[in-house]
Amino acid sequence: MSDITMRIDDQEVTAEQGMTVLEAAQRAGISIPSLCHHDKLKPYGGCRLCMVEVTAKNRTKLVVSCVYGAEQDLVVKTRSDKIDKIRKTVLELLLARAPDSEILKEFSDEYGADKDRFEKEASFCVHCGLCVRYCAEIKKLHAVTFVDRGYRKEIRFVPEIASKVCNDCKECFPLCPTSYLQAAFVLSQSLISPSESSVTKHDK
Amino acid sequence: MDTDRIDQIIDRYEGQASFLIQIMLDIQNENRWLPRFALERVSQRLDVPLSRMLHIATFYKAFSLAPKGRHQINVCMGTACHIRGAGRVLDTIRDLTGIGPGETDLELKFSLETVNCLGCCALGPVVEIDGKTHGKISAADTADVLDSYE
Ligand code: SF4
Ligand code: FES
């Protein structure tokens, strides 16, 4: 199928059919901040940091670039006062959950986000789903999953599966933008097999 | 409930993964909660990851991963019932059963839950037990009503 041409920040960009706006931008070397996006995983649209403004047929709207498909003649703006303000608020909300996340801190410097704007609700997980999706889509192991819903949603290792596969993998650890995943793993490990957990190993 | 019974339920749906939630509901309705071995059996037979079942089981309030009592008490805490004294009714139930909302007693007789509106505000305060509505219930009536359950 033929390629798509569009404009991102006044730069002509070509994209293939089926690409998202974020992918098209990345391929052209234009950076859009993203947290829950991963090249090897299906688009998810969980963090809303990658929000951009698109204009098609004389109508401008805000879209989530990691799930929005590239279209012929689309005009995309990756930065504006409005977008920056949205990203700032998104960051502030995420920081209320994970105030010490290094990657969030870096973005905050750029967007002037105040980590104390919202009351802390430090659950440490920002629900990016990278761990859950990586384990399911790439490893096909399904050892970690989301449980519950809304503000009570959290990740949980499934003991029956995790106890068999996680020790030889741990590939999801570096993906987590906070320290929550590893902490949850150590906790599950000590609950499943107290004697083998790294917590007690030192005492032996 | 044993594995054979779980298999029978799965067979009703010809083992199709698209009926996952229906199968889980049937087990929940018959057994009042979802035991781990049942989840594992369904996961294995339908070839659905256990993780997805846990996600579903924790997402919908209709499912329980912990044992439930023989009788389910739902106390309405909606605005109308609240004004008409639902708080006192709840306190009485708490005293009589020894359990609070979200809990089940050790004999597995009652499970207690608060709900936000049962849709019959004119009857408030309303307590629903096993689907039967007890309207205009007073704190004093509560003991008699609870006593009528085995
Ligand atoms: S534990 Fe980390 S990787 Fe997993 S969903 Fe939460 S923030 Fe994302
Ligand atoms: S990267 Fe697009 S929503 Fe997270």
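The values are calculated or read from the model by the stated rules, or taken from the named source; none is laboratory data. Note that the structure is predicted; figures quoted are calculated from it, not measured. Here Cβ is always computed from backbone atoms with ideal geometry, including for glycine, and neighbour counts include all displayed protein chains. These area figures cover heavy atoms from the full protein model, side chains too; ligands, DNA and RNA do not enter into them. Shrake-Rupley method; radii C 1.70, N 1.55, O 1.52, S 1.80 Å.
Its Cα gyration tensor gives the stretch A:13-146 an equivalent ellipsoid; the semi-axes, largest first and in whole Å, are 26, 22, 11. Assuming charge only on the beta carbon of Lys and Arg (+1) and of Asp and Glu (-1), the dipole of chain A about its Cα centre is about 580 debye to the nearest 20. Only alpha carbons enter this Debye calculation for the protein assembly as shown, each as an equal point scatterer, and the log10 of I(q)/I(0) it gives at q = 0.10, 0.15 Å⁻¹ is -0.87, -1.22.
Label point of A:Lys61 set 7 angstrom out along Cα-Cβ; within the stretch A:68-112, amide nitrogens under 18 Å from it belong to A:68-78, A:83. What FRET efficiency, computed as 1/(1 + (r/R0)^6) with R0 = 25 Å and r the Cβ-Cβ distance, is obtained for A:Gln17 and A:Lys139, rounded to the nearest 0.05? Using R0 = 25 Å, I get an efficiency of 0.30.
Note on B:Lys109: lysines with a C-alpha under 17 Å away, same-chain residues under 8 apart excluded, are B:Lys68, B:Lys132.
For B:Thr114, the residues whose modelled amide H falls within less than 5 Å of its own, excluding neighbours fewer than 5 places apart on the same chain, are B:Val75, B:Gly102. Across the protein chains, with a 1.4 Å probe defining accessible surface, the residues A:Glu160, A:Glu119, A:Glu102 rank A:Glu119, A:Glu102, A:Glu160 from largest area downward. Axis angle, to the nearest 10 degrees, between helix A:102-111 and the longest C-alpha principal axis of chain A: 30 degrees.
Remark: spin-label model distance A:Lys105-A:Arg27 equals 3.6 nm, labels positioned 7 Å along the Cα→Cβ axis. The angle between the Cα long axis of helix A:81-97 and the main principal axis of chain A comes to about 10°, on a 0 to 90 degree scale. When +1 charges are put on Lys and Arg Cβ atoms and -1 charges on Asp and Glu Cβ atoms, the dipole computed for the protein assembly as shown relative to its Cα centre reaches about 400 debye. Radius of gyration (Cα atoms) of the stretch A:65-204, expressed as a multiple of 2.2 N^0.38 Å: 1.27.
For the stretch A:1-116, a crude dipole built from +1 on the beta carbon of Lys and Arg and -1 on the beta carbon of Asp and Glu, taken about the Cα centre, is about 440 debye to the nearest 20.
Shape annotation for the stretch B:71-147: C-alpha extents along the principal axes are 34, 21, 18 Å, from largest to smallest. Across the options A:Val63, A:Val158, A:Ile103, the greatest Cα extent toward the positive end of the charge dipole of chain A (unit charges at beta carbon of Lys, Arg, Asp, Glu) belongs to A:Val158. Expressed per residue, the C-alpha convex hull volume of chain B stands at 116 Å³.
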